[in-house]
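Peer 1: What follows is a structure written as C-alpha cells; I'll ask about it next.
The values are calculated or read from the model by the stated rules, or taken from the named source; none is laboratory data. Because the structure is a prediction, the values reported are computed rather than measured. So basically every Cβ, Gly included, is an ideal-geometry build from the backbone, and we count neighbours across all protein chains shown.
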C-alpha cells in the first residue's frame, strides 16, 4: 500500500481529484441486436490453411472502430446463410467423431443473432453434403425463408430440403448433371447444368418435388462459361461469363425467363482483354439497380479466378457502364451493402477487407489485423 | 491425335528417341521406415491461429530436399511423444462432438511410424487433460516405454498413467501444487512445485502410486524461477533459470540428487543482461554432453519468452561455455539431433526452421514454405 | 510493411508497460527475421497504423474513461495487458473487460499486476479467457511481466485458461479486468 | 521479400504453362497488395528462392526422369500443374504422383490437359487429392487453365475432391498424375 500511496502523491498535480478505477464485473459477455444494421457484413473465412476450422466473422464496415462484432465457427468447406426475417443464421457443416476420421455427421447448425451461439441443429442423412471452396449458392432459402436448401455432391448432385420452423429434414431432390441453387421468388429453384441449360425444380408445401423442367441452352460452357456466382436484382440473376457477357435469368415467376445476354465490354476493353475474375466476382445494389463486377486486364484461359484491379459498375436497366472504380489493392471478392449509402467491401489479396463508398468509389478503411485468413465469401446483412 | 503428332514432329530434332511418358499408378501412397534416422525431427505446430487444428510435421533436417516426410493431426493444445523402442507415436488430445462444444472426449491417439496413420486409442476418464501451449513435459514415458504419463490440470494437478502394451488407462496420481512430468530412469517421476521443490512420485508395476516424496527447495521462484523446460544428459535434467543459472537434477536413481547450481554467465554477460529466453530454450547433445541454451541480451522482467539471437553451448562436465553461436535469424525454440554429426534446429521468428551444424555453427538450410504456422516444440527422433 | 505486421501478428513477443530502449531493441530483433533494414522498422510501423501502437487493420479504441484509464485497448501496449497472452477480446467483438457474443467468460484465471500510467497505481488484473469458439486470430499479444512457469499456475499465461469450463474449453480470446488495487 | 512470399503462399493465383508477359504482370498485380515497389519483386523473388520458381523454404526437386519430365515438382510452375488447386503433395511428404504417408488417395477426381515442354505432347492429368489429414498448408498452388465452373464438375478444381472417401473427406494435398496422351 505504501507504494500505491507514494504513486498517488507523485501524480497529484495532474490527477487531482481522480479516484482509483473501480473493480469490474466478472463474467461479462457482449450481445448483439436481434436484427442487424445494413452496414454489417458476414465474412466467411474458408481458412484454407486449416480447412477444418473455418469461421464466419461479422463486421460493421461503417464504424470508425470496433468493426469486429463477433464470429462463429464452421467446419470443413462449410456453407453459411443469414436469415432476414428471423434472428437466426445457419451453418451447413460436416463433423468427424475423431476430427479427421471416424463417424461423419452432416448437419445444419443454427445460431441466434443476439449471441451468435448455437440454439439448435438439423441432422442431415446420407453424408452427401457438397464440399467446395466456400460458395453462396450451396445454401439458400426458399418460400420466404420457410425452407433451407442445401447442395449435395457425391459426385451425384442433389438438394436437401430442410423446414426451418420445424428444424427438420424434409426431402432430397435429385438435380443430376446440374449444380447449385438459384431460388425463384416462388417455390422453385434453378440449377446450372453442364449442357448449358438451367434445370428448374418445383417443390410443394412439404418440400417434395412436384415438377422439374429444363430451359434451353442459354450460354456456351465450351467457348465462354458463365460463372456460377451471379448477382441478383429484383429477382433477376445476372450471370457474368468468363469473357465478359452477362446472361440474365428472371426468377420472379416459378418458371424462369431468359432475357438476351449483353456485354460488359466496350471495344477498347475487349482489345485490352478486360474480363471478370476473382472469387465472388459480382454483387449488386438492389435499390439503385446497379451491378458491380470485379475486372482484370490481360484476361486469358485460366485468369478467371485471379482477382482484379478494378470494379466496373453497370445500370442493369440500360445495360450501360456507369463507372470504373480503381481498387486501392488487388481484389479477390466483392460485396455491396444494401443501405441508402452503400459500401463496397472487397476481400483484397492480403486477405484483409477494404471498404469503399459504393457511390463515390472513395476508399474509407480497411479491416485486418489477421481477423481473417482467407475470407473468400462476403454476405451483406439484409 | 493430329496435334500430338505435329508436336512430336516439331521437336524431333532435340527429342529424337524419347518415348512419351508412361501412364502412372492410382492410388499410390508413400510409406516411411519403422525406425527413423536420427536426422528426423517432429515439429509440433501448435497452430496458434487455429488452435483446435494443431499438427505434427515430420522433417528430415539433413536432406537437400524433400525434407517434409509427413504429418499427423493433433487437436486443441495437444501433447505429442514418439517412441524409441517401438514403431509408434502418441498424441494426447481432446475432441468435442460439435468441434467447439458438446461432449468432450480425452484420449491418447496412437499412430504407427510407417504410415503415420491411427492404429489405436486409449480413452482417458475425467476430462482432466492439461491444456497448455505445447510443452514436452506434459506427456512422457516411464519404465522403458512401458508407461505413458499424461499431465492433468483442472486446475488441480495430477498425472494419468497409461499402459502402452495393453493400451489401457491404469491410474491417476495426484501431484497437488506441482506440475509437469520429469521421469527418472527407474519407475518414478519428478514434478516441479510452486514452493521451489520437486515432488517425486514412485509407481509400482501396475502404475499405482507407492510413495511420494518432496525434495528440499532447490531454486527460488520469487527471485529467479527455473524454466519448466530442461534439457537432459545421461539422466540428469538441466533446468536453466530466468536469470541464467543452471539447476541440475540427477534422475538416474528413483530418488533425485541435486548437484550444485552453476551459472551460464560470465561477468561481462551479466553486465549486458544476457539471459535464456524463448519457448524451447534448452536442448542437449547427449553423446558429447553438450548443453545448448537460447540466449538474448538486455534481459529483464518479462523477456523470458521472447526468444534469442544466440545459442550458447556448454560442456556440462566442466560447466564451461564452449561456443557462442550467432543465429542467422532470431530464434524461438531449439533442438539438437543426436547423431554423430548433430544438427541444431531452430524455430525462427518467421516460424520456419533453420538448420545449423551443431558442431561448426554453420547455417545449412531452412525449411519453410508455410510448412508450419507456429512450430513451438521440436522433438528429435531417437 | 506488410511482412513486418505479419510477423508482429504471427509472433508478437513484446513487453508493454514501461517501454524502454531495451524493449524496443528486442522488438526490433524479433522483426529482423524478415531480413529488411533495421532502422526503418519502427517508423514504418508507426506510419502504417496511423502513428499508434495498434495492429495493422485494427482501428484504435478508448476505454470508458480515457483520462483515468488511458491508452488503446486494441493495442498490445495498453497498460492492463502487461501479462496477457493471446488474442485481445477488444479486437474480437468483446472489449478489454468483456467477452465477444456467444463465448463464455471463465471466472477462473491468471492474475497480473500492472501500473496505470494515469494514476500511477498498481492494479490487480485478471486475464479472464473467453471460451467456446475457435481462435479469434486477431491482435495476438504476449506480455510476460511477472509471468511464472506453470508450477506457479495462477501467474502463468501459457495455460489454456478455458480450463474447467463445462460447455467448452476451446480458447477464443483474453480480457484484462480490474480486480482491485495491489497492496504491498 | 518475406511479405511477398507470405502473399504468394497465402493467395497464390498464378497461371503456369506458357508463362507470358501478361502472366507476369498479373502476378505482380497480385503481389502489389503489400505496397512495395513493383519492379523489384520478380528479382527479389528469384534471389530469394535460389533463382528457381519454387516456394521460399522449399528445396527444388526433380522427377524420376528429368529429361523427359522436366521442371521442379515442388514448384507451382511444374508443367503438370496447369489446372491444379491446392497444396502440392511434393511439398507434404508425397510426390507429384503419390500421397504423403497415412493419407488416402481418392481415385475419383478432376482432369486437366497440360503440355509437357520436353516432348510437346498434351497429357491428360488427373489431380487426385490425398485425404484424411488436416490441410498440409505448404506450397499452395492454383492454376486454372481450362478450369470450368462446378456445373462441369470433372474439370472444376474448387470442389473438395476428397468427396466419396469412406474413411475421411478431409482435404490434405493434391497430386498430378499422368493418365495418358490427349487425343484430339
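Peer 1: Looking for something buried (at least 23 other Cβ atoms within 10 Å of the Cβ) and in a loop (DSSP other than H, G, I, E, B) - is there at least one such residue anywhere in region B:303-314?
Peer 2: Checked against the condition, which is being buried (at least 23 other Cβ atoms within 10 Å of the Cβ) and in a loop (DSSP other than H, G, I, E, B), region B:303-314 yields at least one hit.
Peer 1: When you look at residue B:327, is it within 9 Å of another protein chain (Cβ to nearest Cβ) and modelled with pLDDT of 95 or more, yes or no?
Peer 2: Spelling it out, it is not the case that residue B:327 is within 9 Å of another protein chain (Cβ to nearest Cβ) and modelled with pLDDT of 95 or more.
Peer 1: If you take the residues of region B:357-373 that are more than 20 Å from the chain's Cα centre (by Cα) and assigned to a strand (DSSP E or B), which of them is surrounded by the fewest Cβ atoms within 10 Å (Cβ to Cβ)?
Peer 2: Ranking the qualifying residues of region B:357-373, first place goes to B:364.
Table: residues versus (1) part of a strand (DSSP E or B); (2) within 7 Å of another protein chain (Cβ to nearest Cβ); (3) farther than 15 Å from residue A:301 by Cβ.
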residue: D:144; (1), (2), (3): no, yes, no
residue: D:149; (1), (2), (3): no, yes, no
residue: D:154; (1), (2), (3): no, no, yes
residue: D:162; (1), (2), (3): no, no, yes
residue: D:168; (1), (2), (3): no, yes, yes
residue: D:173; (1), (2), (3): yes, no, yes
residue: D:179; (1), (2), (3): yes, yes, yes
residue: D:183; (1), (2), (3): no, yes, yes
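Peer 1: Could you please give the count of residues in region B:138-151 that are buried (at least 23 other Cβ atoms within 10 Å of the Cβ) and either without any contact (Cβ under 8 Å) to a residue 40 or more places away in the chain or within 13 Å of chain C (Cβ to nearest Cβ) (or both)?
Peer 2: 2
Peer 1: Taking the conditions exactly as written (within 9 Å of chain D (Cβ to nearest Cβ), assigned to a strand (DSSP E or B) and in contact (Cβ under 8 Å) with a residue 60 or more places away in the chain), does residue B:57 satisfy them or not?
Peer 2: yes
Peer 1: I'm trying to understand the selection: among the residues of region B:330-341, which are crowded, with 24+ Cβ neighbours inside 10 Å and more than 12 Å from chain C (Cβ to nearest Cβ)?
Peer 2: Quick first cut of region B:330-341, residues crowded, with 24+ Cβ neighbours inside 10 Å only: B:330-337.
If the condition is that a residue be crowded, with 24+ Cβ neighbours inside 10 Å and more than 12 Å from chain C (Cβ to nearest Cβ), then B:334, B:335, B:336, B:337 are the ones that fit.
Peer 1: For region B:174-196, enumerate the residues that are more than 12 Å from chain C (Cβ to nearest Cβ), over 24 Å from residue B:89 (Cβ atoms) and at pLDDT 95 or above. Please lay out each step first, then the result.
Peer 2: Initial filter on region B:174-196 (more than 12 Å from chain C (Cβ to nearest Cβ)): B:174, B:183-189.
If we keep only those that are over 24 Å from residue B:89 (Cβ atoms) too, we end up with B:174, B:186, B:188.
Once the filter is applied, which keeps residues that are more than 12 Å from chain C (Cβ to nearest Cβ), over 24 Å from residue B:89 (Cβ atoms) and at pLDDT 95 or above, region B:174-196 yields B:174, B:188.
Peer 1: Considering only region B:326-338, I want to know if a residue exists there that is closer than 23 Å to residue B:56 by Cβ and not in a strand (DSSP E or B).
Peer 2: Yes, the conditions are met somewhere in region B:326-338.
Peer 1: A further question on this structure: All but one of (1) free of Cβ contacts under 8 Å to residues at least 12 places away in the same chain; (2) more than 9 Å from chain B (Cβ to nearest Cβ); (3) surrounded by fewer than 24 Cβ atoms within 10 Å (Cβ to Cβ) hold for residue D:127; which doesn't?
Peer 2: Of (1) free of Cβ contacts under 8 Å to residues at least 12 places away in the same chain; (2) more than 9 Å from chain B (Cβ to nearest Cβ); (3) surrounded by fewer than 24 Cβ atoms within 10 Å (Cβ to Cβ), only one is false for residue D:127: (1).
Peer 1: Let me ask something else. Just the residues that are closer than 17 Å to residue A:317 by Cβ and outside any loop (DSSP other than H, G, I, E, B), please, taken from region A:241-261.
Peer 2: A:246, A:247, A:248, A:249, A:250, A:257
Condition check ((1) assigned to a loop (DSSP other than H, G, I, E, B); (2) surrounded by 22 or more Cβ atoms within 10 Å (Cβ to Cβ); (3) touching a residue at least 24 places away in the same chain (Cβ under 8 Å)) across all residues:
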{"position": "C:56", "(1), (2), (3)": "yes, no, yes"}
{"position": "C:65", "(1), (2), (3)": "yes, no, no"}
{"position": "C:90", "(1), (2), (3)": "no, yes, yes"}
{"position": "C:113", "(1), (2), (3)": "no, no, yes"}
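Peer 1: So, residue B:231, is that one modelled with pLDDT of 95 or more and at the interface with chain C (Cβ under 10 Å from one of its Cβ atoms) or not? Working first, answer last.
Peer 2: On the way: modelled with pLDDT of 95 or more: yes; at the interface with chain C (Cβ under 10 Å from one of its Cβ atoms): no.
Against the criterion (modelled with pLDDT of 95 or more and at the interface with chain C (Cβ under 10 Å from one of its Cβ atoms)), residue B:231 does not qualify.
Peer 1: Just checking, which of D:86, D:137, D:102 is closer than 14 Å to residue D:175 by Cβ and either buried (at least 22 other Cβ atoms within 10 Å of the Cβ) or facing another protein chain (nearest Cβ under 7 Å) (or both)?
Peer 2: From the options D:86, D:137, D:102, the qualifying one is D:86.
Peer 1: Those residues that are part of a loop (DSSP other than H, G, I, E, B) and within 16 Å of residue A:276 (Cβ to Cβ), I need them from region A:190-229; list them, please.
Peer 2: Residues satisfying the conditions are A:219, A:221, A:223, A:225, A:227, A:228, A:229.
Peer 1: If you don't mind, another one. Could you grab me the full set of residues in region B:71-87 that are within 13 Å of chain D (Cβ to nearest Cβ) and part of a loop (DSSP other than H, G, I, E, B)? Steps first, please.
Peer 2: Within region B:71-87, the first condition is being within 13 Å of chain D (Cβ to nearest Cβ), and the residues that meet it are B:71-76, B:78, B:87.
Listed by number, the residues that qualify are B:75, B:76, B:78, B:87.
Peer 1: Suppose we filter region A:161-189 for residues that are farther than 27 Å from residue A:239 by Cα, more than 23 Å from the chain's Cα centre (by Cα) and not in a loop (DSSP other than H, G, I, E, B); how many remain?
Peer 2: Looking only at that region, the number is 4.
Peer 1: May I ask you to say which residue of D:158, D:147 is closer than 21 Å to residue A:178 by Cβ, touching a helix residue (DSSP H, G or I) at 6+ places or on another chain (Cβ under 7 Å) and modelled with pLDDT of 95 or more?
Peer 2: D:147 is the lone residue from the list that is closer than 21 Å to residue A:178 by Cβ, touching a helix residue (DSSP H, G or I) at 6+ places or on another chain (Cβ under 7 Å) and modelled with pLDDT of 95 or more.
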